[in-house]
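Data block below; observations after.
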Amino acid sequence: MFISIHDNLYIGLYCAILAFIFGAVFGSFLNCASWRIAHGESFLHGRSHCTVCGHILSAPDLVPIFSWLFLGGKCRYCKAKISARYMLTELFFAVVSVASLLRWDLSVEYLRNMVFACCLFCLSLVDLESFEIPNGCLIISAAAWLAALPFAGMGKMAILAHLLTGVGYGAIMLGLTLLFDKILGKETMGGGDIKLFAVTGLYLGAAASLFALLFSCILGLLMGAVRNRNQKGAPIPFGPSIALASYVMLLYGERLVNWYLGLL
Ligand SMILES: [Zn+2]
């Protein structure tokens, strides 16, 4: 039988707490996995270790969010400072998980979109660290979209529209990138960003994709402004902006698109 988080307050609260814990645990795992991908280590083998002293971390050091808080942001063994980035990103992903549950309830769509969120989160962290978007994240995202199709309740025309958006969006971004590369005489956008646009097109469809593009450009410019103040002329990874804008549009875009179409 289908259980909904809206059935009763206690079930809703219980599911929201579980979603928060799962989000924090996955956030922690993906933080570690993305660090290893960016540094060329295998993320399936080897145990978590302090990046400064190399000490193997034990269970109490690995509780998401809380370990960082209780240890005061320091390694238990060598007292080296641990960046708040880990704790903040775990917290962020826990919030994403709860927001997704509230939006899609306990459904295949929730599962599918959490797989997508995990991929977006991981590729953003890798892109921030090494300016690369791992193909694995894009392939898993596209596969999850395809696998969930029988349960998505989409008509044939809607499926076709989303597929065409993915392909068309990728092709248009590729064309624009080649054009701007030629005009500006330097690389404007990486191949990974273009492929990421194509995958987000699959999930969003045409109208929401346009908003996502607009928002990701605004986010990218903001990130560029912040980075320019700290390090002038440093390159800016675009992946995190595309990922965040796309997921926000997936969460709340339907209302925005409907409102906009209502204006026309
Ligand atoms: Zn240490």
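A few notes on this one:
- The residues of segment 7-27 that are surrounded by 18 or more Cβ atoms within 10 Å (Cβ to Cβ), aliphatic (A, V, I, L, M) and more than 16 Å from Arg103 (Cα to Cα), listed by number, are Ala24, Val25.
- Among the conditions (1) open to solvent by 40 Å² or more (accessible area, probe 1.4 Å); (2) farther than 22 Å from Leu111 by Cβ; (3) in contact (Cβ under 8 Å) with a residue 40 or more places away in the chain, Tyr169 misses just one, which is (1).
- Pairs where the first residue, in segment 123-145, is over 17 Å from Ile194 (Cβ atoms) and the second is open to solvent by less than 20 Å² (accessible area, probe 1.4 Å) and in a loop (DSSP other than H, G, I, E, B), C-beta under 7 Å, 6+ apart: Leu128/Pro237
- Residue check for Glu90: among the charged types (D, E, K, R) and surrounded by 21 or more Cβ atoms within 10 Å (Cβ to Cβ): yes
- Within segment 38-48, the set of residues being under 23 Å from Leu88 (Cβ atoms) and either within 16 Å of the ligand (Cβ to nearest atom) or modelled with pLDDT of 90 or more (or both) comprises Ser48 only.
- Top-ranked residue of segment 82-105 - restricted to ones that are at pLDDT 90 or above and charged (D, E, K, R), ranked as farthest from Gly253 (Cα to Cα): Glu90
- Count of segment 221-239 residues which are open to solvent by 20 Å² or more (accessible area, probe 1.4 Å) and touching a residue at least 40 places away in the same chain (Cβ under 8 Å): 2
- Counting only residues that are within 18 Å of Gly191 (Cα to Cα), under 14 Å from the mean Cα position of the chain (by Cα) and hydrophobic (A, V, I, L, M, F, W, C), segment 218-264 holds 3 of them.
Let's see how each residue does on (1) within 16 Å of the ligand (Cβ to nearest atom); (2) under 16 Å from the mean Cα position of the chain (by Cα); (3) open to solvent by less than 30 Å² (accessible area, probe 1.4 Å):
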{"position": "Cys50", "(1), (2), (3)": "yes, no, yes"}
{"position": "Gly54", "(1), (2), (3)": "yes, no, no"}
{"position": "Ser58", "(1), (2), (3)": "yes, no, no"}
{"position": "Pro64", "(1), (2), (3)": "no, no, yes"}
{"position": "Cys78", "(1), (2), (3)": "yes, no, no"}
{"position": "Ala94", "(1), (2), (3)": "no, yes, yes"}
{"position": "Arg103", "(1), (2), (3)": "no, no, no"}
{"position": "Arg112", "(1), (2), (3)": "no, yes, yes"}
{"position": "Cys118", "(1), (2), (3)": "no, yes, yes"}
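- Within segment 65-90, residues that are closer than 19 Å to Val25 by Cα and among the aliphatic types (A, V, I, L, M) sit with their Cβ atoms under 6 Å from residues that are in a helix (DSSP H, G or I) and more than 8 Å from the ligand (Cβ to nearest atom), at 6+ positions apart or across chains, in these pairs: Ile65/Ala24; Ile65/Met87; Ile65/Glu90; Ile65/Leu91; Met87/Trp68.
- A single entry from Ala117, Ala206, Ala171, Ala158 fulfils the requirement of being at pLDDT 95 or above and either under 23 Å from Val96 (Cβ atoms) or part of a helix (DSSP H, G or I) (or both): Ala117.
- Segment 16-33: number of residues that are within 19 Å of Asn113 (Cα to Cα), under 15 Å from the mean Cα position of the chain (by Cα) and in contact (Cβ under 8 Å) with a residue 40 or more places away in the chain: 7
- Looking only at segment 28-39, residues that are open to solvent by 70 Å² or more (accessible area, probe 1.4 Å) and farther than 16 Å from Ser67 by Cβ come to 1 in all.
- Enumeration of residues in segment 179-198 that are open to solvent by 50 Å² or more (accessible area, probe 1.4 Å), part of a helix (DSSP H, G or I) and either under 24 Å from Asn135 (Cβ atoms) or in contact with a Cys (Cβ under 8 Å, 6 or more places away or on another chain) (or both): Phe180, Lys195
The values are calculated or read from the model by the stated rules, or taken from the named source; none is laboratory data. The structure presented is a predicted model; accordingly, all values stated were derived computationally and were not measured. Because the Cβ atoms are built from the backbone with ideal geometry, glycine has one as well, and the counts that use them run over all protein chains shown. Note: areas computed on protein heavy atoms with side chains; ligands, DNA, RNA excluded. Shrake-Rupley method; radii C 1.70, N 1.55, O 1.52, S 1.80 Å.
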